[in-house]
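Report on the following structure.
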Amino acid sequence: MTSVIFMGTPNFGVPILKGLVENGYEIKAVVTQPDKKVGRKRSLKKTPVKIVAEELNLPIFQPIKLPKSQELEALINLHADLIVTAAYGQFLPSKFLNSVKIAAVNVHGSLLPKYRGGAPIQYSIINGDTETGVTIMEMVKEMDAGDIYAQEAIKIAATDTAGTVFNKLAIVGRDLLLKTLPQIIVHPNIKAPQDSAGVIFSPNISKEQEQIKLNMTAQEANNLIRGLNPNPGAYLKVNGKRFKVWQARVSSEKSVLPAGSLANNKGRFAITMASGSVLDLTEVQPAGKKRMPIKNFLNGQGNKFKVGEKIIDE
């Protein structure tokens, strides 16, 4: 039986871990990020991968920082055949990668070399791409720079969010990994180098990137909203406060009003953006409130705004 150290944190890794177990791989350890304190009560929240690992009665490691940790030495001493990572979220030292008998393999949510880094799915939507995919690659010291074992592409629908694409790619990644692992085990050196000329990076989303700016067109703003849904969410500034927008659609109409103005509030809440484009907000979250459909907002706070008024701060 081929032994595996599995490393993952969010929901993306859950079907992949389950698939490995269901297909007879011996999971010697599951490594995931530490529990986080969330909410006003600061209660500890387990990662999705940890929850599943507990259900499957698998050994769990949660180092705060893997390099130089006691957990690292314990993992190296397991002498596993494979490391399989799927959105783990920490740097892996070379001595750990080199400690396995066959290969260290990563399930990455993009068509490498495009979108190396921690937010490939978000950037694919923010940039308006029509396709993305999964790469099964060898892990090396440089981030997401290893040779490629296999890739599979999927289409990005106009209604997709980062959340829906994550869910789709988790299944594609699971199936592609399970299809590719037997080949890696027998012929680990059959792989293709990445084209360095095509490298594009996708660093973690910054706080500044979360704001919908008025120099964006409606399409660019909608792509940002979709790319940051469900986490962390995109926002407009209204009267100096964050006004989160969870869903929107690009209107076919044009407006001569300055960007940031209210173009229509009759059954809709339409905001002018760059180049005369118009964005209809359909699900929003005013500061201090819960998410709500735009109809509810218009029946409350939204009725104070007047058509033609510039309501969005720069």
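Look through Ala158, Ala153 and report the one residue that is surrounded by fewer than 21 Cβ atoms within 10 Å (Cβ to Cβ) and either without any contact (Cβ under 8 Å) to a residue 24 or more places away in the chain or under 22 Å from Thr217 (Cβ atoms) (or both).
The match here is Ala158.
Please report, ordered by residue number, the helices (runs of 4 or more DSSP H) entirely within segment 1-95 with at least 1 residues that are within 25 Å of the chain's Cα centre (by Cα) and closer than 17 Å to Ala170 by Cβ.
Per the criteria, 14-22, 48-55.
Answer yes or no as to whether Gln219 is closer than 20 Å to Glu131 by Cα and either assigned to a helix (DSSP H, G or I) or in contact with a strand residue (DSSP E or B) (Cβ under 7 Å, 6 or more places away or on another chain) (or both).
yes
Tell me, which residue of segment 71-103 that is touching a helix residue (DSSP H, G or I) at 6+ places or on another chain (Cβ under 8 Å) and small (Gly, Ala, Ser) is nearest to Ile136 (Cα to Cα)?
Only one residue tops the list, namely Ala86.
If we keep just the residues of segment 260-314 that are in a strand (DSSP E or B) and outside the structural domain of Asn229 (by TED's automatic domain parsing), which is nearest to Tyr235 (Cα to Cα)?
Per the stated criteria, the residue is Ile312.
Of the numbered conditions (1) without any contact (Cβ under 8 Å) to a residue 60 or more places away in the chain; (2) touching a Gly at 6+ places or on another chain (Cβ under 7 Å); (3) under 30 Å from Ala104 (Cβ atoms), Val186 satisfies every one except a single condition; which is it?
(2)
If I filter segment 224-244 for residues that are aromatic (Phe, Trp, Tyr), over 20 Å from Gln122 (Cβ atoms) and within 24 Å of the chain's Cα centre (by Cα), do I get at least one hit?
Scanning segment 224-244, I find at least one residue that is aromatic (Phe, Trp, Tyr), over 20 Å from Gln122 (Cβ atoms) and within 24 Å of the chain's Cα centre (by Cα), so the answer is yes.
Looking at (1) of a type in the set (Gly, Ala, Ser); (2) closer than 30 Å to Ile148 by Cβ; (3) surrounded by fewer than 21 Cβ atoms within 10 Å (Cβ to Cβ), which is the one condition that is false for Gly39?
Going through (1) of a type in the set (Gly, Ala, Ser); (2) closer than 30 Å to Ile148 by Cβ; (3) surrounded by fewer than 21 Cβ atoms within 10 Å (Cβ to Cβ) one by one, Gly39 breaks only (2).
The values are calculated or read from the model by the stated rules, or taken from the named source; none is laboratory data. Since the model is a prediction, treat every value here as computed from it, not as a measurement. Glycine gets a Cβ as well: all are built from the backbone with ideal geometry, and neighbour counts include every protein chain shown.
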